[in-house]
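**Student:** Would you mind keeping the following structure in view while I ask a few things?
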Amino acid sequence: MSVPNNSLFLSVLGITHTVNMLILNKTAGVFFKPSRRKIYAFLGSFHFHPGKLFLHKLVLGIETSCDDTAAAVVDEAGNVLGEAVHSQTEVHLKTGGIIPPVAQQLHRENIQRIVQEALSASEVSPSELSAVATTIKPGLALSLGVGLSFSLQLVDQFKKPFIPIHHMEAHALTIRLTNKVEFPFLVLLISGGHCLLALVRGVSDFLLLGKSLDIAPGDMLDKVARRLSLIKHPECSTMSGGKAIEHLAKQGNRLHFDFQPPMQRAKNCDFSFSGLQHVIDKMIMQKEKEEGIEQGQVLSSAADIAAAVQHTVACHIAKRTHRALLFCKQRGFLHQSNAVLVVSGGVASNLYIRKALEIVTNATQCTLLCPPPRLCTDNGVMIAWNGVERLRAGLGILHNTEGIRYEPKLLGKKLFLYHK
């Protein structure tokens, strides 16, 4: 049975604190153009609407940073005119994780169709676009290369401005598409590849307050789910690791296992999940011996373990976020009366973690805002909207794309943007 929410309240308040038109040659590091026949066939596939008049700026957003191929057209008023996405989740579930060359090939096979679907749904032709915005960092190198290659060919053919997008900046600003949120605000980005806290002072003005020192929470939850072989559980066979943990946790009792949140004495806003994962792995191995089963079989206590893991992750995230909120309010970085915490990224869809953060914001008299679940995971809408924000602010708009490259990993302070 599930532990009631008041126990989460007590635990948290114990703190009173997301046609390949160019093929990337990885060895030479240069781009090669496809045949003219393929280019013209692609461009000729679009339907033009000469009778329409668009009064707003229109941005096409393209996202291929990991395993989803996504595109969307958004106008400057925040209207999503058309979007499309191809998810690779089913493929990667079968392989037990994302294999970069496989993700790259699936992006190549689907990007032309996805972009065309988004443009067709919006009844916008490439010539009517104000700009093309594309994720160039951070992410999987092979995946980023597909989106960037396609986009560079598109802007070259139609002579459109190109707006390179930082994936995490896009996540952070999505809330301004769905809610009337003014700067500054605190953002917590939690996903399978990222975990960070930043003060958002402007469209491209961020102050990084804390980040994961090792792995991201979504990555840890996925690894625990794989170690528990939850894909073999009849209720979880089609779910991602994180979703499987959340689903089973509702049936479990977290009190049957005692995992301590990491970094309880650290006087900063950083996160850590690898140590916790190691402790959990050792405990799972012990339970397998006790139950006399081999690795790869589902433990009878899987639900209880899922509940305990989810609770510990929620408490860790909540406590570090609480420190960041107190720091920002004490230093006057956030408004005392209407401070806002924005939570985005795939893990933000976890309702238990969201509840823990709600307890923190209530205790600190702040407002908690989350984009709708479909905009928390990687999507083309957030990339297009980030493009709109930058277009309106006149920031990072390229009319010459010579020398533009993707950046798969950003280290240290370059994990996030520091434009002034």
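The values are calculated or read from the model by the stated rules, or taken from the named source; none is laboratory data. On a predicted model such as this, the values are computed, not experimentally measured, just so you know. All Cβ positions, even for glycine, are placed from backbone atoms using ideal geometry, and neighbour counts span all protein chains on display. Accessible surface areas use protein heavy atoms only, side chains included; no ligands, DNA or RNA. Shrake-Rupley method; radii C 1.70, N 1.55, O 1.52, S 1.80 Å.
**Student:** Given G210, G252, which one is open to solvent by less than 20 Å² (accessible area, probe 1.4 Å), touching a helix residue (DSSP H, G or I) at 6+ places or on another chain (Cβ under 8 Å), more than 18 Å from D67 (Cβ to Cβ) and in a loop (DSSP other than H, G, I, E, B)? Outline the logic, then answer.
**Tutor:** Details: G210 fails: in a loop (DSSP other than H, G, I, E, B).
Of the residues listed, the single one that is open to solvent by less than 20 Å² (accessible area, probe 1.4 Å), touching a helix residue (DSSP H, G or I) at 6+ places or on another chain (Cβ under 8 Å), more than 18 Å from D67 (Cβ to Cβ) and in a loop (DSSP other than H, G, I, E, B) is G252.
**Student:** Quick one: which helices (runs of 4 or more DSSP H) lie wholly within segment 100-184 and hold at least 2 residues that are touching a strand residue (DSSP E or B) at 6+ places or on another chain (Cβ under 6 Å)? Before the answer, list the steps.
**Tutor:** Numbers: elements: 100-122, 141-158, 167-173, 175-178.
It comes to 100-122, 141-158, 167-173.
**Student:** Does R226 satisfy the criteria of being over 21 Å from V343 (Cβ atoms), assigned by the TED database to the domain that holds L325, out of contact with any strand residue (DSSP E or B) (no Cβ under 9 Å at 6 or more places or on another chain) and not in a helix (DSSP H, G or I)?
**Tutor:** On the way: over 21 Å from V343 (Cβ atoms): yes; assigned by the TED database to the domain that holds L325: yes; out of contact with any strand residue (DSSP E or B) (no Cβ under 9 Å at 6 or more places or on another chain): yes; not in a helix (DSSP H, G or I): no.
Answer is no for this residue.
**Student:** Which residue pairs have Cβ atoms closer than 6 Å, lie 6 or more positions apart in sequence or on different chains, and pair a first residue in segment 201-222 that is under 17 Å from A339 (Cα atoms) with a second residue that is surrounded by fewer than 16 Cβ atoms within 10 Å (Cβ to Cβ)?
**Tutor:** As it stands, the answer is R201/F183; G202/F183, since those pairs meet every condition given.
**Student:** Quick check on my filter: what residues within segment 219-243 are closer than 15 Å to H92 by Cα and of a type in the set (A, V, I, L, M, F, W, C)?
**Tutor:** Residues satisfying the conditions are A225, L230, I231, C236, M239.
**Student:** Can you say whether A363 is open to solvent by less than 40 Å² (accessible area, probe 1.4 Å), at pLDDT 95 or above and among the hydrophobic types (A, V, I, L, M, F, W, C), as far as the supplied structure shows? Before you say what the answer is, go through the steps one by one.
**Tutor:** Working: open to solvent by less than 40 Å² (accessible area, probe 1.4 Å): no; at pLDDT 95 or above: yes; among the hydrophobic types (A, V, I, L, M, F, W, C): yes.
No; evaluated as a whole, the condition is false for this residue.
**Student:** Moving on. With the checklist (1) over 18 Å from the mean Cα position of the chain (by Cα); (2) at pLDDT 95 or above in hand, flag the one item I231 doesn't pass.
**Tutor:** Exception for I231: condition (2).
**Student:** Is one or more of the residues making up segment 342-352 over 25 Å from K137 (Cβ atoms), open to solvent by less than 50 Å² (accessible area, probe 1.4 Å) and either touching a Lys or Arg at 6+ places or on another chain (Cβ under 6 Å) or at pLDDT 95 or above (or both)? Can you show your working first?
**Tutor:** Of the residues in segment 342-352, the ones over 25 Å from K137 (Cβ atoms) are 350-352.
Now restrict to residues that are open to solvent by less than 50 Å² (accessible area, probe 1.4 Å): 350, 352.
Next cut, either touching a Lys or Arg at 6+ places or on another chain (Cβ under 6 Å) or at pLDDT 95 or above (or both) only: 350, 352.
Yes, segment 342-352 contains a residue that is over 25 Å from K137 (Cβ atoms), open to solvent by less than 50 Å² (accessible area, probe 1.4 Å) and either touching a Lys or Arg at 6+ places or on another chain (Cβ under 6 Å) or at pLDDT 95 or above (or both).
**Student:** Could you please give the count of residues in segment 141-160 that are more than 11 Å from L60 (Cα to Cα), surrounded by fewer than 23 Cβ atoms within 10 Å (Cβ to Cβ) and not basic (K, R)?
**Tutor:** Taking segment 141-160 as the starting set, the residues that turn out to be more than 11 Å from L60 (Cα to Cα) are 141-150, 152-153, 156-159.
Checking which are surrounded by fewer than 23 Cβ atoms within 10 Å (Cβ to Cβ) leaves us with 141-142, 152-153, 156-159.
With not basic (K, R) added as a condition, the list becomes 141-142, 152-153, 156-158.
Number of matching residues: 7.
**Student:** While we're looking at this one, here's another question. For the subset of segment 115-129 comprising residues that are open to solvent by less than 40 Å² (accessible area, probe 1.4 Å) and of a type in the set (S, T, Y), which member is nearest to V85 (Cα to Cα)? Please lay out each step first, then the result.
**Tutor:** As a first pass, look at segment 115-129 and keep what is open to solvent by less than 40 Å² (accessible area, probe 1.4 Å): 115, 118-119, 122, 124-126, 129.
When the remaining residues are screened for being of a type in the set (S, T, Y), the result is 122, 125.
On the way: S122: 14, S125: 18 Å.
The residue in question is S122.
**Student:** Write out, first by first residue and then by second, each pair whose Cβ atoms fall under 9 Å of each other, whose residues are 6+ apart or on separate chains, and whose first residue, in segment 150-176, is assigned by the TED database to the domain that holds A133 and within 16 Å of R392 (Cα to Cα) while the second is surrounded by fewer than 23 Cβ atoms within 10 Å (Cβ to Cβ) and of a type in the set (S, T, Y).
**Tutor:** Listed pairs, sorted by first residue: K160/S127; K160/S130; P161/S130; F162/T401; P164/T401; E169/S204.
**Student:** Name the single residue that is nearest to H86 (Cα to Cα) among those in segment 378-408 being part of a helix (DSSP H, G or I) and under 16 Å from the mean Cα position of the chain (by Cα).
**Tutor:** Taking segment 378-408 as the starting set, the residues that turn out to be part of a helix (DSSP H, G or I) are 380-393.
This time we only want the ones that are under 16 Å from the mean Cα position of the chain (by Cα), so: 380-386.
Numbers: G380: 11, V381: 14, M382: 16, I383: 15, A384: 17, W385: 19, N386: 21 Å.
Looking at the filtered set, the residue picked out is G380.
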